[in-house]
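Quick notes on the structure that follows.
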Amino acid sequence: MSTISARRSGIDRRLLLRSVLATGAALGLSSCAAAKASGPVLAADAALPNVVPSGTSLAIASGLGTTQLELQLSGLIDTLPFHVSSWPNLAAGPDVLAAFRAGSVDLAVNAGIPPIEAHNQGYETRIVAINQTRTPTYVFATKPHSTIQSVDDFRGKSLAFSQGQAQGVVLLRALQKAGISYKDVNLVNLTSDQFLVALESGQVDIAPLPVSQLPNYLNSYGKDGAHSIDTGVVDFLTLLWAPASVLADPGKAAAIAAFVPLWAKAVVWVYEHPAAWEQDFYVKSQNISAAQAARVVQLTPKPWFPASWDAAIAWEKQTAGLLAQGGFITSFDAVRPPFRAPRRRRGPGDLPELIAVADILVRPPAAPAAAPVARRRTRRLGPGRRLPFARALGPVLLIAGWSLASATGRLDPRILPAPWSVVSTGIRLWNSGTLGPDLAISLQRAGEGFAIGLVAGVALALIAGLSRVGAALIDGNVQINRALPILGMIPLFILWLGIGETFKITIIAMAVYIPIYINLSAALSAIDQRYVELAETLGLSRGQFVRQVVVPGALPGFFTGLRLGVTGSWLALVVVEEVNATSGLGYLMFQQATYGLIDSVVVGLAIYGIWGFASDLIVRLIERRVLSWRRTLAG
């Protein structure tokens, strides 16, 4: 087929400046003759200018850089007969509409719903080209640990909804198809860029996600029960649209006429060259892996620029009626009832016999599908599969090396006794009744100090992390305390608290609360502002905000601080039990060292090591269970 060019003359303006589908002449509404524009105004029934005036420029929205990159990769960007002043990164319909109103965007690619919403707001726009979709571009996904298995289970659930975007209409069509009333569900009004965050955090039960987001989401949360729900609902239209005021400018209208076929060719080129798109867009631009990119591209629908717009017009009328039924927009007389063809009007508002823009576009070839492109083997960059008993492997190898060195005589037993000698000594101390009581005393001291430090660290971190005043009063003092060496403070604490248990437990508590406070307060400060905005949008109370946003967001940092705090309790225990102590494992080690009983000292060190290893393992297991929704390199 031929393409629009500067030499093509006499093309009726109706080939390009169609009245808005479902929001323009297709609904019997006025055309762009009422639009205001500076300079000459192109009449609605005038022929298109066949030459783009010198100096003409367009600002074309390019969400995530998609449109611009399509033209670049296809080599068509250099053939544009006009200057592109900017490629604003705008994709969501409400954002594009706001840019239209501000005059910062002249042309955009969106789904079918934004022009309807624009008309509902009293802003005149026009659709200039359409690409019909025959496979779903949005798929319903559940939150983690969801039991929803079908659309029928949507009843009583919280569903992410955006009135002015395609995802919202896809949801409404799915509910209508299943015979579910809006009153049977809780529609949570969000913007589409909040859908994924709301789903991940469990704020909504269901959200329609783009096929480009679904594989990565399921890869991250599929193991936690997140899954997709097949509804068969298709978002039928991808379209080019522009403000009526832009199309009233002869120069810009000619530029848009020239852009339409180039855009269509670029879309087709991307579909026919998936490997290039995977690498240049998804891998290089969106920073996802090649494997993820391949999965996304496989879900990309084939472009289709039809010869007739009848199906698109009917789809838009149904959409407008569906929104009107739900009270989301003002009902259009021309689409009441919503699924009945409108009465034809005579006069300026009547639809003429339209010729599809696609008649002058390059349509995707109908040839048999090409052989699959050979995929480059993905290079794995992660640490690999988890090894069974991996954390015990290092200590086991260490003991094995120690045993080998001792058995071969390479290790002097006076410097470090053999492992079997240490075990024998430990059994002897236990059987003698010496080791047991000292272990109990040490565990009691460590437990009491750890509990006090844990409560203090969490309380201070919450006050400082959730309150500006709290942070001003607390954080500076804690940082000063953090910089003071605990060993240097022992003489003062002995002076203030005596040499009894109080001073020992206080030292242990200080060693615990500081790392817990530092890591928890840092985690609270690092909570993504989007979660706060989402909570405000959902109208959460302060308590709900803390439970559903603060706690999940701060838990990773808390567990890091907890692990450091546990380690700190054992280190402080060793110190305090060697200072003015009469019992405990540290005291036993100090006492045995006085007599040169290295075996007994190593027994004490081994017990401290076992306690540290075991307590850290317990915290890790709790962390893994509590944070099962998180996927990290640790597994």
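The values are calculated or read from the model by the stated rules, or taken from the named source; none is laboratory data. Please read all numbers here as calculations on a predicted model, not as lab measurements. Neighbour counts are summed over all protein chains in view; Cβ atoms, including those assigned to glycine, are modelled from backbone coordinates with ideal geometry. Areas reflect the complete protein model, heavy atoms only, side chains present, ligands, DNA and RNA absent. Shrake-Rupley method; radii C 1.70, N 1.55, O 1.52, S 1.80 Å.
Key figures for this structure:
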quantity	calculated
Ranked by how many other beta carbons lie within 10 Å on average, peptides 226-233, 146-153 from highest	226-233, 146-153
Cross-link partners of Lys265 among lysines (Cα-Cα below 24 Å; sequence separation of 8 or more within a chain)	Lys252, Lys284, Lys302
Protein accessible area in the stretch 53-98, 1.4 Å probe - carbon and sulfur %	52
Solvent-accessible ranking of Lys504, Lys317, Lys284, Lys157, largest area first, probe 1.4 Å	Lys284, Lys157, Lys317, Lys504
Peptide ranges 446-457, 73-84, 271-282 listed from the most packed, as the mean C-beta count within 10 angstrom indicates	446-457, 271-282, 73-84
Compactness of the stretch 62-123 - radius of gyration and Dmax, Cα, Å	12.8, 38
³J(HN,Hα) computed for each position of the stretch 531-544 - Karplus, 6.51 cos²θ - 1.76 cosθ + 1.60, integer Hz, glycine/proline x	5, 5, 5, 5, 5, 5, 4, 7, x, 5, 6, 4, x, 5
Neighbour net charge for Ala111 - beta-carbon separation under 11 angstrom, K R +1, D E -1	-3
Ordering of 525-534, 189-198, 252-261 by packing [mean C-beta count within 10 Å, highest first]	252-261, 189-198, 525-534
Ser615 accessible area, assembled protein chains, probe 1.4 Å, Å²	20
For Tyr138, solvent-accessible area (1.4 Å; no DNA, RNA or ligand), Å²	50
Heavy atoms of Asp310 accessible to a 1.4 Å probe, total area in Å² rounded to 10	110
Entries of Lys157/Lys177; Lys143/Lys177; Lys143/Lys183; Lys183/Lys223 with Cα pairs more than 24 Å apart	Lys183/Lys223
Glu578-Lys223 FRET efficiency (beta carbon distance; Förster radius 60 Å; 0.05 resolution)	0.80
Projected area averaged over orientations for the stretch 461-554, convex hull of C-alpha atoms, nm²	7.2
Largest to smallest accessible area among Arg101, Arg620 [probe 1.4 Å]	Arg101, Arg620
Carbon + sulfur, % of accessible area of the stretch 412-549 - ligands and nucleic acids excluded, 1.4 Å	66
Quarter of the Cα convex hull surface for the stretch 400-480, i.e. its orientation-mean projected area (nm²)	9.4
